[in-house]
């Protein structure tokens, strides 16, 4: 997999009842609770997932074979935002979960250095 087209996205989740942070027990737990839609599989990226902030932030590195694949992925994810849609669908297994936040994205240069960081607010 070429390292030329990659970026990291940072995700958090808050408790619906009191806005307290949700702590994930593993990356699998984070994926289950967040419920990413199929848009996050556009262009079949290689994903490397880690937890940061004592398990409160899921960090996903997405790597692509080409710029076109990365652009298609971004367009697919961006396209899920609408009046009646969003890029995740947390399962309704616990009434306290469900406020997902995409808090930051880091885009990388071909040499692996950070080219641009976008910090998002909920």
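The values are calculated or read from the model by the stated rules, or taken from the named source; none is laboratory data. This structure is a prediction, so every number in the text was calculated from the model and none was measured. Don't worry about glycine lacking a Cβ; one is built from the backbone with ideal geometry, like all the others, and counts go over all protein chains shown.
Remarks
The rows are residues; the columns are (1) surrounded by fewer than 20 Cβ atoms within 10 Å (Cβ to Cβ); (2) touching a strand residue (DSSP E or B) at 6+ places or on another chain (Cβ under 8 Å); (3) closer than 23 Å to residue 86 by Cβ.
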site: 15; (1), (2), (3): yes, yes, yes
site: 20; (1), (2), (3): yes, yes, yes
site: 32; (1), (2), (3): yes, no, yes
site: 49; (1), (2), (3): yes, yes, yes
site: 59; (1), (2), (3): yes, yes, yes
site: 62; (1), (2), (3): no, yes, yes
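- Selection status of residue 110, surrounded by fewer than 17 Cβ atoms within 10 Å (Cβ to Cβ), within 13 Å of the chain's Cα centre (by Cα) and at pLDDT below 90: no
- Residue check, residue 47 within 14 Å of the chain's Cα centre (by Cα) and modelled with pLDDT of 95 or more: yes
- The combined condition, being in contact (Cβ under 8 Å) with a residue 40 or more places away in the chain and either exposed (fewer than 12 other Cβ atoms within 10 Å of the Cβ) or over 29 Å from residue 110 (Cβ atoms) (or both), is not fulfilled by residue 66.
- Top-ranked residue in the range 76-90 [being surrounded by 13 or more Cβ atoms within 10 Å (Cβ to Cβ) and assigned to a helix (DSSP H, G or I); ranked as farthest from the chain's Cα centre (by Cα)]: 76
- Restricting the range 51-89 to residues that are modelled with pLDDT of 95 or more and in contact with a helix residue (DSSP H, G or I) (Cβ under 7 Å, 6 or more places away or on another chain) leaves a set whose member that is nearest to residue 20 (Cα to Cα) is 58.
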